[in-house]
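The values are calculated or read from the model by the stated rules, or taken from the named source; none is laboratory data. Note that the structure is predicted; figures quoted are calculated from it, not measured. Using ideal geometry, Cβ is built from the backbone for each residue, glycine included, and neighbour counts are taken over all protein chains shown.
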Amino acid sequence: MLSELNSKNLRFKRGKLGSLAKREAWIGMAFIAPWIVGFFLWTFGPMLASLLFSFTDFNLLRREEIQWIGLDNFRRFFTDPLVRQAVKVSLTFAFIALPVSVIQPILMAALLNDGRLWARRLFTTLFYMPAVVPFVSAVYVWSGIMNVQTGWFNRALAVLGVQGPDWLGSQVWIYRSLVMIGLWGVGNMMLMTLATMQGVPTELYEAAKVDGAGPLTQFRHITLPLITPVIFYNLVLTSIGIVQYFLVPFVLKGPNGDPGNATWFYGMHLYKEAFSYSNMGYGATMAWMLFIFVMIFTVILFSTQKYWVYYAGGED
């Protein structure tokens, strides 16, 4: 009799828990429903439409004459000399900007993590502040700072008796200038790296000091391994951002990519085809080829993390 009552109570509790779980699941679905609807309407839907457009000759100026052309846009993509130029420019800039953009936040965070630094909170705030400035406004500010005749850089160099370069008009200096403009806004990555550094257990540093390890040895063998997850995160986001690089050169040089097509980035070419020439079909093809490249590159990056990224409590 007692066992029968226990089994009934157990079934009742299971039924009650099951109904509670279902109710919580429905409540959760109700909360995320706006996001799901928005995703299908404003993300997945346009992506699917752009995929269909990539197989057509869709032009905004003659929308009533859309024709299915199959893989012609993709054949044009692989034979387009401007695509090769844009890829070359984007890769050249990436080889310069990517290492600097990943290393700079680490150095800034290491500086701010030093307890001997005076007014650390003030410097942390100052380093982060450019990240909240609208980037278009920041680009216009930098265009004035780097002006060949009236810019602060060249005026400061003139005081030292040095003739300043044409920062934004020279093919030699344009990439260095773009990297400097980009570094002005690394406050987010710096702040995340600093927070990760401050989460490293102090016991590890104390044990290293007992063993006679100096600051550089501690940084190399303790700090760097333990902040590799945030380094990996910054590396992935920075890589994707550089591949899609468009806003700064567009604001500085316009859609033509001067000087000497040195700023003819892939995003610039895509913009010209899709919005200046209204070739939405070919523009959609370029966008999907960029998406495929980013996906492949991201998968490769994630496949390398097991060799150098250390997750505390996980497998080596």
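For the reader, a short list of remarks on this structure follows.
- Yes/no for residue 121 being basic (Lys, Arg) and surrounded by 11 or more Cβ atoms within 10 Å (Cβ to Cβ): no
- Exclusive hit being surrounded by fewer than 18 Cβ atoms within 10 Å (Cβ to Cβ) and either under 22 Å from the mean Cα position of the chain (by Cα) or within 20 Å of residue 250 (Cβ to Cβ) (or both), set 190, 180: 180
- For residue 217: the one exception among (1) at pLDDT below 90; (2) more than 23 Å from residue 132 (Cα to Cα): (1)
- Cβ-Cβ distances below 6 Å connect the following pairs, each with a first residue in the stretch 287-307 that is in the same structural domain as residue 239 (by TED's automatic domain parsing), a second residue that is not in a helix (DSSP H, G or I), and a separation of six or more residues or different chains: 288/54.
- Lone qualifier among 134, 99 - being more than 20 Å from residue 167 (Cβ to Cβ) and modelled with pLDDT of 90 or more: 99
- Among (1) of a type in the set (Phe, Trp, Tyr); (2) farther than 22 Å from residue 290 by Cβ; (3) within 22 Å of the chain's Cα centre (by Cα), the one test that residue 167 misses: (3)
- Within the stretch 265-316, the residues that satisfy the criterion of being among the aromatic types (Phe, Trp, Tyr) and part of a helix (DSSP H, G or I) are 266, 271, 275, 282, 288, 291, 293, 297, 302, 307, 308.
- Some residue of the stretch 172-189 being touching a helix residue (DSSP H, G or I) at 6+ places or on another chain (Cβ under 6 Å) and over 27 Å from residue 262 (Cβ atoms): yes
- Residues (of a type outside the set (Gly, Ala, Ser) and free of Cβ contacts under 8 Å to residues at least 60 places away in the same chain) located in the stretch 225-242: 230, 233, 237, 240
- Scoring residue 251 on the criteria (1) buried (at least 19 other Cβ atoms within 10 Å of the Cβ); (2) of a type in the set (Val, Ile, Thr); (3) in a helix (DSSP H, G or I) leaves a single failure, condition (1).
- Members of the stretch 80-132 that are among the hydroxyl-bearing types (Ser, Thr, Tyr) and without any contact (Cβ under 8 Å) to a residue 12 or more places away in the chain: 125
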